[in-house]
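The values are calculated or read from the model by the stated rules, or taken from the named source; none is laboratory data. The structure presented is a predicted model; accordingly, all values stated were derived computationally and were not measured. We place every Cβ from the backbone using ideal geometry, glycine too, and count neighbours over all the protein chains shown.
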Amino acid sequence: MEVRFLGCGDAFGSGGRFNTCFMVTAADTRFLIDCGASSMVAINRFGVDPNSIDSILLTHLHGDHFGGLPFFLLHADHVSKRDKPLLVAGPRTTEQRLTAAMECLFPGSSTKPRRFELRIEEYEVEKEWRSGPVSVVPYRANHHSGDGPSCALRVVCDGKTVTYSGDGAWSEGLLKAATGVDLFIAEAYYFDKTGSNHFD
């Protein structure tokens, strides 16, 4: 398993970083963990073929973590001419919130026929979700993001386990998600006295 950080920035692009987007390449699949608003810029900057991505796993439904999806889907139709299925998996209300985002940004885009199959699935907290060689167990994160829960994701593929904390303060769910993993990606920020946001 190879994990490539395409983006690890906060919602404000502090330090010039792209929004959260990690690309995982395994023997039989390639997927993203989160797809923040600037992810298509990052994908193009780093020369990644978007059609090589089989699925996108979402931690929560804030724009800096899923706001790149409308752009990814439109690019797939109009630029990269995708013809293979794409799976998007996220917490409860993912389908509803993605539809709303697409209609807000590009009216009519959520109902226009696509040249590829788009599947949207929603996982439940602390229950295994699986697609092919990828297994995900989402744990509740201490972070409010609307109707759908925010999650830390524990992902298993090719015999390796990686956890991404998502956003949020310390929680028991985070401890469960991170215990015994091969790689733990923890998102952490602090604010100085001027209110500036820094990445640790």
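Within the range 21-47, the set of residues being within 20 Å of Val156 (Cβ to Cβ) and among the hydroxyl-bearing types (Ser, Thr, Tyr) comprises Thr25, Thr29.
Could you tell me whether any residue of the range 66-74 is in a loop (DSSP other than H, G, I, E, B), at pLDDT 95 or above, within 15 Å of Cys21 (Cβ to Cβ) and not hydrophobic (A, V, I, L, M, F, W, C)? For the range 66-74, residues in a loop (DSSP other than H, G, I, E, B), at pLDDT 95 or above, within 15 Å of Cys21 (Cβ to Cβ) and not hydrophobic (A, V, I, L, M, F, W, C): present. Only one entry of Asp10, Asp34 meets the criterion of being of a type outside the set (Val, Ile, Thr) and within 17 Å of Ser131 (Cβ to Cβ), and that entry is Asp34.
Scanning the range 109-160 for residues that are within 15 Å of Ala89 (Cβ to Cβ), assigned to a loop (DSSP other than H, G, I, E, B) and basic (Lys, Arg) yields one hit, Lys127.
For the range 23-35, the condition of being acidic (Asp, Glu) and under 21 Å from Thr163 (Cα atoms) holds for at least one residue.
If only residues of the range 156-179 that are in contact with a helix residue (DSSP H, G or I) (Cβ under 8 Å, 6 or more places away or on another chain) and of a type in the set (S, T, N, Q) are counted, the one that is modelled with the highest pLDDT is Thr163.
Could you look through the range 180-200, keep only residues that are outside any strand (DSSP E or B) and at pLDDT 95 or above, and pick out the one that is surrounded by the fewest Cβ atoms within 10 Å (Cβ to Cβ)?
At the first step, the residues of the range 180-200 found to be outside any strand (DSSP E or B) are 180-182, 186-188, 192-196, 200.
When the remaining residues are screened for being at pLDDT 95 or above, the result is 180-182.
Working: Gly180: 8, Val181: 16, Asp182: 12.
Ranking the qualifying residues of the range 180-200, first place goes to Gly180.
Regarding Asp83, is this residue at pLDDT 95 or above and touching a Ser or Thr at 6+ places or on another chain (Cβ under 8 Å)? First the steps, then the outcome.
Values: at pLDDT 95 or above: yes; touching a Ser or Thr at 6+ places or on another chain (Cβ under 8 Å): no.
No: the conditions fail for Asp83.
If only residues of the range 75-95 that are in contact with an Asp or Glu (Cβ under 8 Å, 6 or more places away or on another chain) and assigned to a helix (DSSP H, G or I) are counted, the one that is surrounded by the most Cβ atoms within 10 Å (Cβ to Cβ) is Thr94.
Would you point out the residue of the range 1-52, among those that are of a type in the set (Phe, Trp, Tyr) and closer than 16 Å to Leu69 by Cα, that is surrounded by the fewest Cβ atoms within 10 Å (Cβ to Cβ)? Reasoning before the result, please.
In the first step, residues of the range 1-52 are kept if they are of a type in the set (Phe, Trp, Tyr); the result is 5, 12, 18, 22, 31, 46.
Keeping just the survivors that are closer than 16 Å to Leu69 by Cα gives 18, 22, 31.
Working: Phe18: 23, Phe22: 20, Phe31: 23.
The extreme case among them is Phe22.
Can Arg82 be described as farther than 15 Å from Glu187 by Cα, in contact with a Phe, Trp or Tyr (Cβ under 6 Å, 6 or more places away or on another chain) and free of Cβ contacts under 8 Å to residues at least 40 places away in the same chain? For Arg82, the condition - farther than 15 Å from Glu187 by Cα, in contact with a Phe, Trp or Tyr (Cβ under 6 Å, 6 or more places away or on another chain) and free of Cβ contacts under 8 Å to residues at least 40 places away in the same chain - is met.
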